[in-house]
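> Handing you this structure, nothing more for now.
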Amino acid sequence: MKVIKITALWCSGCLVMNKTWNEVLKQRDVETVNLDYDMDEEEVMKYNPGKILPVFIFFKDDKEITRVVGEKKVDEMIQIIDEVGV
């Protein structure tokens, strides 16, 4: 499984989720590609992230399987990972 994580420096929810995601990574082994909404704009737009950040796009076998938008708790993120299958 791979996750594209789209955040921005100016996004307060992104700052919260960076900490949350680091906690998730202590419990689950997930390949993560970090993209900045402003600095990686060309790459980010390939994923059509919308206006609400952060965005976590989950891929399995190079196919998008789900998205998580906005702030979530550690246990919610782990549940999503377990449901889609690591």
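> I'm trying to understand the selection: among the residues of the range 46-62, which are at pLDDT 95 or above and over 11 Å from the mean Cα position of the chain (by Cα)?
Scanning the range 46-62 gives LYS46, TYR47, ASN48, ILE52.
> Right, another one. So, restricting to helices (runs of 4 or more DSSP H) that lie completely within the range 1-85, which ones have at least 2 residues that are surrounded by 13 or more Cβ atoms within 10 Å (Cβ to Cβ) and in contact (Cβ under 8 Å) with a residue 24 or more places away in the chain?
12-27, 74-84
> In addition: Do we find that ILE52 is touching a Pro at 6+ places or on another chain (Cβ under 7 Å) and of a type in the set (A, V, I, L, M) in this structure?
It is false that ILE52 is touching a Pro at 6+ places or on another chain (Cβ under 7 Å) and of a type in the set (A, V, I, L, M).
> Scan the range 26-52 residue by residue and report those that are within 20 Å of TRP10 (Cβ to Cβ), acidic (Asp, Glu) and out of contact with any Ser or Thr (no Cβ under 7 Å at 6 or more places or on another chain).
Result: ASP38, ASP40, GLU41, GLU42, GLU43.
The values are calculated or read from the model by the stated rules, or taken from the named source; none is laboratory data. For clarity, every value in this text was computed on a predicted model and none was experimentally measured. Here the Cβ is made from the backbone with ideal geometry for all residues, glycine too, and neighbour counts use every protein chain on show.
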